Amino acid sequence: MTGSGFDEFVAAHSTSLLRAAYLLVGDRGHAEDLVQSTLVRVGGHWRAAQEAPRLYAHRVLINLSRNHIRDLTRRPKVASQRDAGDPATASGDIDRVEDRQVLTTALRQLPDRQREIAVMRFILDLSVTETATLLGIPEGTVKSATHRALRGLRDHLDGVKPPVPVEVGHAD
C-alpha cells in the first residue's frame, strides 16, 4: 500500500520522468504510458522503493523504455501527433521549440545505450556512479558512452542549420 510519501514523490518527480521518457522513446503518448506504468510499479513496490524512490523509478523507466523500443520492431508503426504538447516544449518558451525538436531528433539518432546514458546524465541529472549502478555497468563504460553520445550529438548538430529569422513587414 502506498502512502503520502508516494504521493509526494509523484508530485515532485512526474514531470522529470515524463521529460526523460519522451527523450527516450520520442513520442508523447508512449512517454505518458511509460510514466504511468513506472509509477504503478513504483507504487506497487513502495516499501522496497521508498529507500531510494528516484533511482528505483529511473530503473523501472529505463527497463520499460527498452521493452517499448524492442516492441517497436514487432508492431506496425502508428502515426502520432508529433510534438503536440510534448513535455520538452511544455515550458511555453516558443522561441526554443525548434531547438528542442532538433535536440530530440539528435538524441533519437544515438544508439539506445548512449541515448539512455545521455538522458540519465544530463536530463535526470544522475551522477556517473548512479548511472552505472542503475544500468549495472562499470563507471568507465558510463564515461566512455557519455563521451561517444556527446560526440554523436555534436556531429548531428553540426550539420543542422540554424533557422533563419523571418522579417514581417508592417501593413501600410
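The values are calculated or read from the model by the stated rules, or taken from the named source; none is laboratory data. Since we're looking at a predicted model, the values are computed, not measured. Note that each Cβ is placed from the backbone with ideal geometry, even for glycine, and that neighbours are counted across all protein chains shown.
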Please tell me if residue 74 is at pLDDT below 90 and not in a helix (DSSP H, G or I). yes
Does the range 136-147 contain any residue that is crowded, with 20+ Cβ neighbours inside 10 Å and either more than 21 Å from residue 54 (Cα to Cα) or modelled with pLDDT of 90 or more (or both)? yes
Scope the range 1-43; condition of a type in the set (Gly, Ala, Ser) and touching a residue at least 12 places away in the same chain (Cβ under 8 Å); matching residues: 3, 5, 14, 16, 20, 21, 26, 29, 31, 37, 43
Quick test of your reading of the structure: residue 35 fulfils all but one of (1) at pLDDT 90 or above; (2) touching a Pro at 6+ places or on another chain (Cβ under 6 Å); (3) farther than 26 Å from residue 147 by Cβ. Name the failing condition by number. (2)
Which of the residues belonging to the range 117-131 are without any contact (Cβ under 8 Å) to a residue 24 or more places away in the chain, assigned to a helix (DSSP H, G or I) and either surrounded by fewer than 18 Cβ atoms within 10 Å (Cβ to Cβ) or acidic (Asp, Glu) (or both)? 122, 128, 129
For the condition surrounded by 22 or more Cβ atoms within 10 Å (Cβ to Cβ) and part of a helix (DSSP H, G or I), what is the one hit in 10, 35, 40? 35
So which residues in the range 132-145 are in contact (Cβ under 8 Å) with a residue 12 or more places away in the chain and over 22 Å from residue 64 (Cβ atoms), if there are any at all? 143
Just need a number here: residues in the range 99-116 that are closer than 18 Å to residue 18 by Cβ, touching a residue at least 24 places away in the same chain (Cβ under 8 Å) and either buried (at least 20 other Cβ atoms within 10 Å of the Cβ) or polar (S, T, N, Q) (or both). 4
